[in-house]
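Q: Okay, handing you the structure first.
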Amino acid sequence: MKKKALSILLALALCGAMSTTAFAAEINPDSNPQTGNTQVTFNVDPTYMITIPATIALSKTDVDGTVKYIGNGTLKANEGLRLLEDEKIEVRLTACDYQLDTAATATYKLPYTVMAGTADITADSNLVATFTTENNAAVQESLLTFTAGDPTYAGDYSDTVTFTIAVVKK
């Protein structure tokens with residue numbers, strides 16, 4: 001009995017939907033003027049993908065007779081980046097103490113520097129990339145360079161770097 005009642009209810013709902021009037025401009029020989037308008041709309045949702053390197057390994061390098069450990073990583077914004085016209089994406093280095101250590105309890109800390117292209121990155125000036133839709137047909141990139149001096153002690157050194165991605169007004 002419940003199925004029959006549900007079937008009748010659905011049939012009535014379907015009949016009601018079929019009689020819905022379409023709101024359209026009707027032009028006939030008596031219409032004055034002989035024109036009509038329609039509005040065309042669609043929506044494009046913002047979309048982007050930022051790729052951050054999972055790890056950056058520093059390698060021993062001789063720089064003018066001085067031992068340094070240097071490694072590079074590239075931040076990328078995908079092709080087809082879509083934002084509102086007055087927006088851009090900023091990527092910042094937000095959680096980083098710029099010190100490498102061999103363990104959480106280590107007393108010896110090895111300072112390092114970070115550069116985005118040719119700009120030094122600091123706690124106050126931590127913008128590492130800006131991506132815009134002006135060139136959304138191509139992959140956009142920002143090269144990061146991490147440099148540490150020659151450590152006093154042997155060991156496996158590491159630090160965690162956190163990036164913050166934000167869509168902001170231009």
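Q: I'd like to check which strands (runs of 3 or more DSSP E) are fully inside region 35-131 and have at least 2 residues that are closer than 21 Å to residue 164 by Cβ. Let's see the steps before the verdict.
A: Values: elements: 59-63, 66-77, 87-95, 110-116, 119-121, 127-131.
Those strands (runs of 3 or more DSSP E) span 66-77, 87-95, 110-116, 119-121, 127-131.
Q: Taking the residues in region 144-170 that are aliphatic (A, V, I, L, M) and out of contact with any Gly (no Cβ under 6 Å at 6 or more places or on another chain) as candidates, determine which candidate is farthest from residue 74 (Cα to Cα).
A: The initial filter retains those residues of region 144-170 that are aliphatic (A, V, I, L, M), namely 144, 148, 154, 161, 165-168.
In the following step, the residues that additionally are out of contact with any Gly (no Cβ under 6 Å at 6 or more places or on another chain) were identified as 148, 154, 161, 165-168.
Values: 148: 18, 154: 28, 161: 14, 165: 15, 166: 18, 167: 19, 168: 21 Å.
Result: 154.
Q: If only one of 102, 61 is surrounded by 11 or more Cβ atoms within 10 Å (Cβ to Cβ), at pLDDT below 90, over 28 Å from residue 170 (Cα atoms) and polar (S, T, N, Q), which one is it?
A: None of the other options fit; the residue is 102.
Q: Taking the stated definitions as given, is residue 151 part of a loop (DSSP other than H, G, I, E, B), at pLDDT 90 or above and not polar (S, T, N, Q)? Write out each step before concluding.
A: On the way: part of a loop (DSSP other than H, G, I, E, B): yes; at pLDDT 90 or above: yes; not polar (S, T, N, Q): yes.
When the stated conditions are applied, residue 151 passes them.
Q: Inspect all residues belonging to region 126-149 and state whether any of them is among the charged types (D, E, K, R) and without any contact (Cβ under 8 Å) to a residue 12 or more places away in the chain. Full working, then the answer.
A: Taking region 126-149 first, the residues among the charged types (D, E, K, R) are 134, 141.
Then drop every residue that is not without any contact (Cβ under 8 Å) to a residue 12 or more places away in the chain, which leaves 134.
Scanning region 126-149 turns up at least one residue that is among the charged types (D, E, K, R) and without any contact (Cβ under 8 Å) to a residue 12 or more places away in the chain.
Q: So is residue 113 of a type in the set (S, T, N, Q), within 22 Å of the chain's Cα centre (by Cα) and surrounded by 11 or more Cβ atoms within 10 Å (Cβ to Cβ) or not? Talk me through it step by step, then tell me what you get.
A: Values: of a type in the set (S, T, N, Q): yes; within 22 Å of the chain's Cα centre (by Cα): no; surrounded by 11 or more Cβ atoms within 10 Å (Cβ to Cβ): yes.
Against the criterion (of a type in the set (S, T, N, Q), within 22 Å of the chain's Cα centre (by Cα) and surrounded by 11 or more Cβ atoms within 10 Å (Cβ to Cβ)), residue 113 does not qualify.
Q: I'd like the residue in region 14-52 that is over 30 Å from residue 79 (Cα atoms) and surrounded by 10 or more Cβ atoms within 10 Å (Cβ to Cβ) and, out of all such residues, is modelled with the lowest pLDDT. I'd like the intermediate steps shown before the answer.
A: Of region 14-52, the ones over 30 Å from residue 79 (Cα atoms) are 14-39.
Filter again for surrounded by 10 or more Cβ atoms within 10 Å (Cβ to Cβ), leaving 27, 31, 36.
Numbers: 27: 83, 31: 79, 36: 84.
Here the answer is 31.
Q: Let me ask another. If you scan region 125-135, which residues turn out to be of a type in the set (Gly, Ala, Ser) and either touching a Cys at 6+ places or on another chain (Cβ under 6 Å) or surrounded by 13 or more Cβ atoms within 10 Å (Cβ to Cβ) (or both)?
A: Going residue by residue through region 125-135, those that are of a type in the set (Gly, Ala, Ser) are 125, 129.
Matches in region 125-135: 129 only.
Q: Also, quick follow-up: Applying the selection to region 104-146, what residues are within 19 Å of residue 81 (Cβ to Cβ) and charged (D, E, K, R)?
A: Selection gives 134, 141.
Q: Also, quick follow-up: If a residue must be within 17 Å of residue 55 (Cα to Cα) and either touching a strand residue (DSSP E or B) at 6+ places or on another chain (Cβ under 8 Å) or surrounded by 13 or more Cβ atoms within 10 Å (Cβ to Cβ) (or both), how many such residues does region 136-170 contain? If you could, list the steps in order and put the result at the bottom.
A: Going through region 136-170, the residues within 17 Å of residue 55 (Cα to Cα) turn out to be 141-148, 156-164.
Among the residues that remain, those that are also either touching a strand residue (DSSP E or B) at 6+ places or on another chain (Cβ under 8 Å) or surrounded by 13 or more Cβ atoms within 10 Å (Cβ to Cβ) (or both) are: 141-148, 157-164.
Matching residues across region 136-170 total 16.
Q: A further question follows. Testing residue 52 on (1) β-branched (Val, Ile, Thr); (2) touching a Gly at 6+ places or on another chain (Cβ under 9 Å); (3) closer than 18 Å to residue 148 by Cα, one condition comes back false. Which one is that?
A: (3)
The values are calculated or read from the model by the stated rules, or taken from the named source; none is laboratory data. The model shown is predicted, which means the values in this text are computed figures rather than measured ones. Cβ sites come from the backbone with ideal geometry, for glycine too, and all protein chains shown count toward neighbours.
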